[in-house]
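The values are calculated or read from the model by the stated rules, or taken from the named source; none is laboratory data. This one's a predicted model, so the numbers in the text were calculated from it and none came from an experiment. As a convention, Cβ positions derive from the backbone with ideal geometry for all residues, glycine included, and neighbour counts pool all protein chains shown. Note: accessible area is taken over every heavy atom of the protein model, side chains too, but ligands, DNA and RNA are not part of it. Shrake-Rupley method; radii C 1.70, N 1.55, O 1.52, S 1.80 Å.
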Amino acid sequence: MKKIHLVVAPVIGLLVAIGCSQPMQRGAAPKGVAGGPEYVVDPFWPKPLKDNWIVGQIAGLHVDTRDHVWILHRPNSLLADEKVAKPGQASTRCCVAAPAVIEFDPEGNFVRGWGGPGPGYDWPQNEHGLYVDAEGNVWVAGNNAADHMILKFTRDGKFLMQIGKPGKAEGSASTTQLGRPANMEVDVSANELYIADGYGNKRILVLDAKTGAYKRHWGAYGGTPSDDKMPAYDPSATPSKQFANAVHCVRLSKDGLVYVCDRGNNRIQVFQKNGTFVTEFIGVQLPATDTADLVFSPDPAQRYIILADGQSSYLRILSRSDGKHLGSFAHHGRQAGAFRSLHNLGTDSKGNLYTGEAGFGRRIQKFTLVAN
C-alpha cells in the first residue's frame with residue numbers, strides 16, 4: 001500500500017502531490033491516503049508566447065484527443081499597463097492581447113490562436129467555457145448578462161453554428177435560448193451536447209450536437225428548474241432544491257454518469273444521462289468553498305474526483321464512490337504550483353493535469369502525473 005506524498009525537487013523548488021492536506025515544507029513527514037495519483041508541477045510549461053502576447057483571465061480550458069491543450073481567455077481583462085505595446089512595435093515590450101482561443105501542443109508550444117467578433121455570429125462579451133469535441137470542433141460560450149449563446153468553430157476558427165442569441169434571456173424553461181452558459185461537454189456515443197446553463201439559467205441543458213436542437217433539461221435533484229432568487233449557501237440549512245449561481249461545470253464519467261458543479265450551493269450533484277438524480281456531495285462533506293470545476297483520475301475506474309476549489313486555491317481529492325474528502329494540495333500564491341483564482345481543469349491521455357486561473361492568476365499550469 002503506497003501513500004500519497006509530497007516530493008521535493010532541488011531544481012524547481014516546488015513539487016506537489018495529491019493527498020497533502022497542507023503545503024509541506026522540505027523535510028516534513030509525508031501525509032496522504034492509500035493509493036491515488038501523484039503529480040509534480042512543470043514550471044516550464046507552456047513555452048513563452050510570441051509577438052509580445054499576454055493572456056488575461058483564463059475562462060476555459062480543455063485537452064483534446066491529440067493531447068493538445070486549448071484555452072479561452074478574456075482579452076478585455078488586461079490591465080491598462082498591459083496594453084501599451086502595439087503589434088509590430090518592437091520598442092515597447094509589453095504587451096499585446098493574445099487571441100481569445102489558443103492551442104498548445106503537448107510540449108507547450110503555441111500552435112494557433114484565433115477568436116473574437118466576426119461575420120455570421122455573436123462573439124460573447126465575456127468569454128466563459130471552452131470544449132473541443134472528438135471531431136476537433138471548438139465550442140465557446142460566455143457569461144456576460146447578455147451572453148445567451150454557444151458558438152461552434154472548426155479547429156482553425158471557421159464558424160460552424162450558433163445556438164441561442166445575445167440580448168434577453170427567456171429563463172430556464174426555454175427550448176431555444178440559453179442563459180449565460182458556463183461550460184459544456186459532448187457525449188460522443190449519443191451525439192449530445194451537455195451544457196452547464198449556468199450563470200443566468202439554473203439547469204443542465206442537453207442539445208443535439210450536430211443541429212443544436214433541444215432534447216431535454218433538468219434542475220437540481222432532476223426536478224424542474226426555477227429562476228427565483230435563492231438564499232445564499234448555508235451549511236447548517238437544508239440543501240437547496242434548486243441550482244444556484246452558477247451551474248459552473250458538467251462532466252461525463254466513463255460509466256455514463258453526469259457530474260454537475262453547483263458552485264453557489266457548494267456541492268456536486270450526480271445524475272444519469274436522462275436527468276435522474278443519483279447522489280450529491282455537499283460542502284461540509286467535501287469540504288470545499290468553491291466547486292469551480294472537476295475532472296476524473298486517469299485509472300480505468302476513475303476512482304477519484306479532482307476538484308478545483310477556486311476560492312481556497314486547493315485541488316481537492318475525493319472518492320468518486322461516496323464523495324469522501326481524501327486530501328488536497330496547493331495554496332494561494334503566484335509561484336509554480338500555487339494558485340490565484342483557480343478556475344478550470346483538464347487532463348490528457350497520460351493523466352497529466354492542467355489548471356487555468358481567472359481573476360489575477362491569469363495563467364495555465366501543468367502537473368505531470370508521476371504515480372497512479
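Here is how the numbers come out for the structure above:
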{"quantity": "Region 125-146, residues that are open to solvent by 10 Å² or more (accessible area, probe 1.4 Å) and not charged (D, E, K, R)", "calculated": "125, 126, 131, 134, 137, 143, 144, 145, 146"}
{"quantity": "Selection within region 266-284 - at pLDDT 95 or above and not in a strand (DSSP E or B)", "calculated": "273, 274, 275, 276"}
{"quantity": "Positions within region 163-199 being within 14 Å of the chain's Cα centre (by Cα), open to solvent by 10 Å² or more (accessible area, probe 1.4 Å) and not charged (D, E, K, R), in sequence order", "calculated": "183"}
{"quantity": "Any hit, region 50-58, residues being in contact with an Asp or Glu (Cβ under 8 Å, 6 or more places away or on another chain) and of a type in the set (D, E, K, R)", "calculated": "no"}
{"quantity": "Residue within region 242-254 that is of a type in the set (Phe, Trp, Tyr), open to solvent by less than 40 Å² (accessible area, probe 1.4 Å), assigned to a strand (DSSP E or B) and at pLDDT 95 or above present", "calculated": "no"}
{"quantity": "Residue count for region 162-191, restricted to those that are touching a residue at least 60 places away in the same chain (Cβ under 8 Å) and assigned to a strand (DSSP E or B)", "calculated": "5"}
{"quantity": "Selection count, region 147-161, where residues are in a loop (DSSP other than H, G, I, E, B), touching a Leu at 6+ places or on another chain (Cβ under 9 Å) and surrounded by 18 or more Cβ atoms within 10 Å (Cβ to Cβ)", "calculated": "2"}
{"quantity": "Sole exception among (1) part of a strand (DSSP E or B); (2) more than 24 Å from residue 294 (Cα to Cα); (3) touching a residue at least 24 places away in the same chain (Cβ under 8 Å) for residue 194, by number", "calculated": "(2)"}
{"quantity": "Residues of region 305-338 satisfying the condition of being more than 20 Å from residue 262 (Cβ to Cβ) and either at pLDDT 95 or above or open to solvent by 10 Å² or more (accessible area, probe 1.4 Å) (or both)", "calculated": "326, 331, 332, 333, 334, 335, 336"}
